[in-house]
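Visitor: Below is one structure. I have some questions about it.
The values are calculated or read from the model by the stated rules, or taken from the named source; none is laboratory data. Only a predicted model underlies this, so the values are computations on that prediction, with no experimental measurement involved. Cβ placement follows ideal geometry from the backbone for every residue including glycine, while neighbour counts extend to all protein chains displayed. Ligands, DNA and RNA are excluded from the accessible area calculation, which covers all protein heavy atoms including side chains. Shrake-Rupley method; radii C 1.70, N 1.55, O 1.52, S 1.80 Å.
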Amino acid sequence: MKVKDLGQAAKKFGTNAAAGSTNYATGVQNNSDWATNTANAAPTWASGVSAAASNGSFAKGVNKAGQGKWQTNAVQKGQSRYQTAVASQAAQQNWQTGFAPFAQVLTSITLPPRGVRGSPANYQVVQQIGDALHKAKLSS
């Protein structure tokens with residue numbers, strides 16, 4: 001079997017993927033059952049994750065990529081995507097909406113006076129805050 005030149009194939013892949021961004025957006029916009037299908041796939045997802053953990057394929061994939069590939073891609077792709085994404089008005093509104101219940105929990109906590117540095121009472125304050133936030137997370 002003849003295989004095309006991998007350099008040319010990779011270039012074609014990049015060109016076609018970039019040109020397909022409109023199709024990607026259209027496909028997402030025309031999808032009306034993502035949430036239902038994704039929720040229904042939860043058992044399959046769990047089985048896949050469990051299998052990947054038990055047979056070592058997750059670790060193999062991580063080791064195959066290695067620190068260098070992860071770090072390079074995270075910096076080259078992630079930095080600009082992160083900056084653009086979090087600077088958007090929608091992201092800020094999503095953060096505010098998502099954090100609001102936890103902010104409400106925090107404002108409802110009455111903290112005792114601080115103890116001296118290293119006091120066990122200070123750690124109890126942290127426990128109180130952590131317990132309240134954890135309870136809110138589980139109920140949301």
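Visitor: Quick one: accessible surface of SER57, probe radius 1.4 Å, all protein chains present, in square angstrom to the nearest 10.
Guide: 50
Visitor: Next question. Order VAL75, VAL116, VAL105 by their accessible area, 1.4 angstrom probe, all chains in place, largest first.
Guide: I get VAL116, VAL75, VAL105, largest accessible area first.
Visitor: Could I ask something else about it? For the modelled label position 7 Å from the Cα of THR97 along Cα-to-Cβ, which residues of region 109-140 have backbone nitrogen atoms closer than 20 Å?
Guide: Counting only backbone N, you get 137-140.
Visitor: Name the residue, out of LYS11, LYS77, LYS64, whose mean-square fluctuation peaks in a Gaussian network model built on the chain with Cα pairs under 10 Å.
Guide: For the chain, modelled as a Gaussian network with Cα springs under 10 Å, the answer is LYS11.
Visitor: Taking the simple approach of a point 7 Å from Cα along Cα-to-Cβ for both GLN29 and VAL86, what is their distance in nm?
Guide: 2.9
Visitor: Follow-up. Would you list the membrane-span-like helices of the chain, meaning whole DSSP H runs whose alpha-carbon atoms span at least 20 Å along their axis and whose mean Kyte-Doolittle value is at least -1.0?
Guide: 89-108, 120-139
Visitor: In debye, nearest 20: dipole of the chain around its Cα centre with unit charges on the Cβ of K, R (+) and D, E (-)?
Guide: Computed charge dipole of the chain: roughly 580 debye.
Visitor: Per residue, how much accessible area does the chain show when a 1.4 Å probe rolls over the protein heavy atoms, in square angstrom?
Guide: 87
Visitor: Out of all Cα-Cα pairs in region 59-113, roughly what percent, to the nearest whole number, are more than 15 Å apart?
Guide: 69
Visitor: Related question: Starting from the Cα gyration tensor of region 10-140, take the square roots of the eigenvalues, sort them a ≥ b ≥ c, and report rounded, prolate or oblate (rounded when a/c is under 1.5, otherwise prolate if a/b is larger than b/c, else oblate).
Guide: Prolate.
Visitor: Still on this model: Rounded, prolate or oblate: which fits region 1-85, taking a ≥ b ≥ c as square roots of the Cα gyration tensor eigenvalues, rounded meaning a/c under 1.5, else prolate when a/b beats b/c?
Guide: Rounded, because the longest to shortest axis ratio a/c is under 1.5.
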